[in-house]
Amino acid sequence: MKVYLIGTGMDGGRTLTSEAREAIDSSELLIGAERMLKPFADMDKRKVCAYLPQDICDILTRENCGAAAILLSGDTGFFSGAAKLRQALAEYDTETICGISSAAYLCAKAGISYENMKHISLHGRDGNIAVNVRMNEKCFFLLGGSVTAADVCRRLCEYGMPDVQIYIGERLGYADEKITAGIAAELCGNDTDKLCCLAAVNGAYLRHIPSCIGDESFVRGEIPMTKSAVRGNIVSGLDIEKGSVCWDIGCGTGSISVEMAFRCPDGRVYSFDKKAEAVRLTEENAKCFGCDNIFTYESELPDLPEEIPAPDKVFIGGGSGSIKEVFGLVRERNESADICVSAVSVETLGLAAAAFEEYGGHHTITQLAVTETRRAGGHTMFKAQNPIFIIRGKLK
């Protein structure tokens, strides 16, 4: 049996390609969700409503025909079920026929290109909104789940980006299609159809990944903060990936959390501190820098909320008396996690080194002594910071 995986574009009609139409015409069986089958209701072919891979496999096993077409919305390579279907249908002679994606269609209607655009699916899932808009000139959000276009706009306003240009596409390709343009602040109350997507254009996006952010840029309180030069060494040494899950234990003002967050725009940073003031400052700094992938907890590890996922990268601020217990928790959740500990005292250094030794992890110890300059009258003077030890390694 020949099986076509067909992207039907926006509506299965005007945006259906000629190649897709020919494949549908040559097929005896059409399979797809109800919305996908509707444009072909008048065709004299067998039609079965299904979209789960196993259900489709079962149907093909029962049917006796020369060719079947599986109808998928938009494009087969853009947040599509085609990838899982190809795996499930490995025993069949399959052919994938691309369609017009919602991103390409909306950008054409809005008159913008989608070169270098970051694509994020919020269809049936939560995701990082503000941090991606902060770090990319153009972002496309596929909606349709619990997160609405208004929610995206409110998130951007909450995280300091009310002037980002927004394009909202509703029921694209249909007769009642609607395109709405404006800035985020104007569209926070916009009520949209569930079949919806959004493009955000941020002319003030970051052209770099912030590192060694100036201490003066953070909201400060009475809580100690890891200084710029030391912070840069700690975060860069963790080799954080775009989708990493990071733990910042003893987050203080959140300066480490913020620099972690910029390195994992597709991941999450979970920030813990036993002091309510530290949690408040971390939340405030997360909003100031547009990092909505930071999640704070007033908690002293190893007590861990159940919903926290296993970490890939862990930073433990110096002075914590429960370093050994935290190491045990991290190993229980992910024995190959990277861990970094900062220590300003010999006692904390000893605790961290002993924890690495106990859990069998190779580690290195680096001592940093940072000296900056300041002006005093007509002279340039030196001002030294307290030396600090950086202990980093893996648990195995």
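The values are calculated or read from the model by the stated rules, or taken from the named source; none is laboratory data. All values derive from a computational prediction rather than experimental measurement. As a convention, Cβ positions derive from the backbone with ideal geometry for all residues, glycine included, and neighbour counts pool all protein chains shown.
Limited to segment 84-105, what total is found for residues that are touching a residue at least 40 places away in the same chain (Cβ under 8 Å), within 15 Å of residue 33 (Cβ to Cβ) and not in a loop (DSSP other than H, G, I, E, B)?
Result for segment 84-105: 1.
Could you check residue 147 against (1) over 26 Å from residue 35 (Cα atoms); (2) within 23 Å of the chain's Cα centre (by Cα); (3) part of a loop (DSSP other than H, G, I, E, B) and say which number it fails?
With (1) over 26 Å from residue 35 (Cα atoms); (2) within 23 Å of the chain's Cα centre (by Cα); (3) part of a loop (DSSP other than H, G, I, E, B) applied to residue 147, the lone miss is (1).
From 16, 29, grab the single residue that is out of contact with any helix residue (DSSP H, G or I) (no Cβ under 6 Å at 6 or more places or on another chain), assigned by TED's automatic domain parsing to the domain that holds residue 94, over 11 Å from residue 73 (Cα atoms) and not acidic (Asp, Glu). Outline the logic, then answer.
Details: 16 fails: over 11 Å from residue 73 (Cα atoms).
So the residue among 16, 29 that is out of contact with any helix residue (DSSP H, G or I) (no Cβ under 6 Å at 6 or more places or on another chain), assigned by TED's automatic domain parsing to the domain that holds residue 94, over 11 Å from residue 73 (Cα atoms) and not acidic (Asp, Glu) is 29.
Hey, any hits in segment 327-337 for a residue that's in contact (Cβ under 8 Å) with a residue 24 or more places away in the chain, over 29 Å from residue 365 (Cβ atoms) and not small (Gly, Ala, Ser)?
No.
Take segment 370-396 and flag every residue that is modelled with pLDDT of 90 or more and among the hydrophobic types (A, V, I, L, M, F, W, C).
388, 389, 390, 391
Take the residues in segment 1-52 that are within 24 Å of residue 106 (Cα to Cα) and of a type in the set (Val, Ile, Thr); name whichever of them is surrounded by the fewest Cβ atoms within 10 Å (Cβ to Cβ).
17
Here is a list of conditions, (1) in contact with a Leu (Cβ under 8 Å, 6 or more places away or on another chain); (2) modelled with pLDDT of 95 or more; (3) among the small types (Gly, Ala, Ser); (4) over 23 Å from residue 286 (Cβ atoms), and residue 150 meets all of them except one; can you say which number that is?
Status for residue 150: all satisfied but (4).
Looking at (1) surrounded by fewer than 21 Cβ atoms within 10 Å (Cβ to Cβ); (2) closer than 28 Å to residue 287 by Cα; (3) among the small types (Gly, Ala, Ser), which is the one condition that is false for residue 67?
Condition not satisfied by residue 67: (2).
Residues in segment 247-258: is at least one under 21 Å from residue 365 (Cα atoms), in a helix (DSSP H, G or I) and outside the structural domain of residue 153 (by TED's automatic domain parsing)?
Scanning segment 247-258, I find at least one residue that is under 21 Å from residue 365 (Cα atoms), in a helix (DSSP H, G or I) and outside the structural domain of residue 153 (by TED's automatic domain parsing), so the answer is yes.
One line per residue, one yes/no per condition, for (1) closer than 20 Å to residue 258 by Cβ; (2) hydrophobic (A, V, I, L, M, F, W, C):
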residue: 288; (1), (2): yes, yes
residue: 315; (1), (2): yes, yes
residue: 332; (1), (2): no, no
residue: 338; (1), (2): yes, no
residue: 342; (1), (2): yes, no
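In the set 286, 310, 276, which member is surrounded by fewer than 16 Cβ atoms within 10 Å (Cβ to Cβ), under 30 Å from residue 154 (Cβ atoms) and modelled with pLDDT of 90 or more?
Sole residue among the options that is surrounded by fewer than 16 Cβ atoms within 10 Å (Cβ to Cβ), under 30 Å from residue 154 (Cβ atoms) and modelled with pLDDT of 90 or more: 276.
Can you go through 163, 176, 193 and tell me which one is assigned to a loop (DSSP other than H, G, I, E, B), under 25 Å from residue 20 (Cβ atoms), in contact with a strand residue (DSSP E or B) (Cβ under 6 Å, 6 or more places away or on another chain) and not polar (S, T, N, Q)?
Just a single option satisfies the conditions, and that option is 193.
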